[in-house]
Amino acid sequence: MEEPKVTGTKPKMSWTRKILLILGFLSTLAAIALITVAVTQNQPLPKNTKYGIVLDAGSSHTNLYVYEWPAEKENDTGVVQQVEVCKVEGPGISGYSRDTENAGHSLVQCLRQAQGVIPSKQHQETPVYLGATAGMRLLSLENKNAADKVLSSVEKTLRSAPFNFQGARIISGQEEGAYGWITINYLLGNFKQSGWTKLLHSLKSVSETSGALDLGGASTQITFVSDESPSESPDNLLYFRLYGKDYRVYTHSFLCYGKDQALQQKLARDLQSTESSSILDPCFHQGYQRTINISDLFKNPCTSVGKKEFPFSQLYVMGEGNYEKCRRSIQNLFNKTSCPYSSCSFNGIYLPPLQGDFGAFSAFYFVMNFLNLTNDNPFALDKVASAVQSFCARPWHEVKQAYHQIKEKYLSEYCFSGAYILSLLENGYEFNKENWQRIHFLGKIGSSDAGWTLGYMLNLTNMIPAEEPAAPPLSHGSYVGLMVLCSLVLVSVLVLAWLLFHKPKCLQKGIV
Ligand SMILES: O=P(O)(O)OP(=O)(O)OP(=O)(O)OC[C@H]1O[C@@H](n2cnc3c(O)ncnc32)[C@H](O)[C@@H]1O
Ligand SMILES: [Ca+2]
């Protein structure tokens, strides 16, 4: 048989292979083009930032907050964030009841600070709101005329600032509770779920929002979603439709149960029961002394009810540092004797069964944070109680030495405040060993303070839509990722097909 002739020329590439090669090359080019277009075309547009200012005129002091958000995303959840906070020097605006003209002037310094943060060309379009809380609620009960004058004074100052003045008013306790609840759930991203989280949440029936516990100087609020129906006290219920979901929210604000007013109430009761000008107080450290003007003690509606005439004008308070006794004397502030509903917190106020997790902020956080009791893994209730107990047992000179950098007013009251917080939560709201760990003490969420101000601004600027805004099913990142993945799969398939058809020597049988 004749052997086939071996020629010196290379075998010619078949047409199929040539076409495959060209197709492979073109597909690779197409994939590269696709990725480039996906990355560049969908890149976020240059940032167009908007600003808003809210002044929280609390009973103890005023804070000014500056918020910013990208203009094109204003209906998304979690996009507004705090960029500045300024603490106004001096007392809260209700402290200017005898000097109403100067209430507005006290805000000037912080307004200047806000001017420095917000670009000048945006000053005029930046809304500014002032909301006054329990201090002004009390002043307006006590002296309506003085409260109106204080509000006029702050309004005058805010109008003279270069921002867009939108109002200065006293907000109700219900609003304060509701806006606090909106703030924390907005910041925690609990309102709007997308993709997998949405599916997950629809599968499990757990409460998706967190309750809110706010402890101020003059009032305290408790707010949470309650499924208890029908409600026994419709006055405590609020209905919201946010991002396409309905929420049925229980809220109550206890005026006079903020930590400063609670202390005033306790001292007034102690004085009435002893009728002596000096009292031993278990809620202050041993060795601590304080002199209180009796007229100041009874000057507001929280204490004035039981006012009596005393043959002395000053009260001397001497610390005893006894946690158990302190808890017992605080307990008297919560009247648990009658409840016209199936369940109450105290003073005959309806409280449905506690539900879900709670975020506790303001003084709940300040005090727990000082006592090192805020942690990602919440401390057990008995650990918290024993920490407060041992802090209260420390003599005043030792506490003062150990924390010389802390304002004496705050330092001297951490023992009372710790005991008060435990009484309010345990005896007032009936948190117990089991659900205590569902309370999370929060100062900030991201860069924003937990409080009612953000929720107030979101509501007044219509930034929380009732219905879920239409949005592409995938985020920019997921979209680009998916494009890259598909392109890589496409290229790999083509390379594999080419290798199979082309059969390079190394893949031929027997060689490998
Ligand atoms: O809500 P209202 O009742 O109007 O009061 P507020 O808004 O002024 O109340 P805050 O939450 O600012 O403060 C609550 C209390 O905590 C006190 N406080 C503020 N900062 C504190 C800190 O760093 N350490 C300890 N206590 C603090 C303050 O004096 C009040 O008695
Ligand atoms: Ca407050």
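Just a few scattered comments:
- In loop segments of region 389-437 as defined by DSSP, the GluC sites (Glu not before Pro) with at most 10 further C-beta atoms inside 10 Å of their C-beta are E434.
- Accessible carbon and sulfur surface of region 211-365 relative to its total accessible area, %, 1.4 Å: 47 percent
- Distant-in-sequence amide H partners of T62 (H built 1.01 Å from N, under 5 Å): V88
- Calculated from backbone phi, Karplus (6.51, -1.76, 1.60) coupling profile of region 78-94 in Hz, x at Gly/Pro: x, 8, 7, 9, 6, 10, 7, 9, 10, 8, 5, 5, x, x, x, 5, 5
- DSSP beta bridges in the chain [antiparallel fraction, %, rounded to 5]: 65 percent
- Estimated at 0.36 nm per residue, the fully extended path between R328 and V108 surpasses their Cα-Cα distance by 74.8 nm.
- Measuring r between the beta carbons of K73 and C339 and using R0 = 56 Å, the FRET efficiency lands at 0.75.
- Of the residues T303, T337, M318, the one whose Cα sits farthest towards the positive end of the charge dipole of region 292-351 is T337 (charges of +1 on Lys and Arg Cβ, -1 on Asp and Glu Cβ, taken about the Cα centre).
- Over the Cα atoms of region 139-185, the radius of gyration divided by the Kirkwood radius equals 1.09; this is the Rg/Rh ratio.
- Out-of-range pairs (alpha-carbon distance over 22 Å; input K192/K444; K336/K409; K325/K383; K266/K299; K266/K409): K336/K409
- Neighbour-limited loop hits for trypsin sites (Lys or Arg not before Pro), region 223-332 (at most 15 other Cβ within 10 Å; DSSP other than H, G, I, E, B): K307, K308
- Other-chain or far-sequence residues with amide H under 5 Å of S448's (modelled H): Q82
- Label positions at F501 and L238, each projected 7 Å from the Cα along the C-beta direction, are separated by 6.7 nm.
- Shape category assigned to region 287-390 from the gyration tensor of Cα positions, a/c cut at 1.5: oblate
- Three principal axis lengths of the chain [C-alpha, angstrom, descending]: 138, 53, 52
- Those GluC sites (Glu not before Pro) in region 93-163 that DSSP places in a loop and that have at most 14 other beta carbons within 10 Å: E125
- In order through region 414-431: 3J(HN,Hα) via Karplus (6.51 cos²θ - 1.76 cosθ + 1.60), integer Hz, x for Gly, Pro: 5, 5, 4, 5, x, 5, 5, 4, 5, 5, 4, 6, 7, 8, x, 8, 6, 6
- Measuring against 23 Å, Cα to Cα, the residue pairs K245/K433; K50/K121; K47/K87 contain K245/K433; K47/K87 as the ones spanning a longer distance.
- In order along region 372-380, phi translates into HN-Hα couplings of 6, 10, 9, 7, 5, 9, x, 6, 6 Hz, rounded to whole numbers, per the Karplus curve 6.51 cos²θ - 1.76 cosθ + 1.60 with θ = phi - 60° and x for Gly and Pro.
- Label-point separation in nm, L29 to S447, each point 7 Å along Cα→Cβ: 4.6 nm
- Angle between the chain longest axis and helix 108-117 axis [Cα atoms, degrees, rounded to 10]: 0 degrees
- The residues of the chain expose, per residue, 52 Å² of accessible area to a 1.4 Å probe.
- Charge tally in the Cβ shell below 14 Å around Y96, where Lys, Arg are +1 and Asp, Glu are -1, Y96 excluded: -3
The values are calculated or read from the model by the stated rules, or taken from the named source; none is laboratory data. A quick note: this is a predicted structure, and the numbers were derived from the prediction, not measured. Note: ideal-geometry Cβ built from the backbone for every residue, glycine included; neighbour counts use all protein chains shown. Ligands, DNA and RNA are stripped out before the accessible areas are found, and what is left, the full protein with its side chains, is counted by its heavy atoms. Shrake-Rupley method; radii C 1.70, N 1.55, O 1.52, S 1.80 Å.
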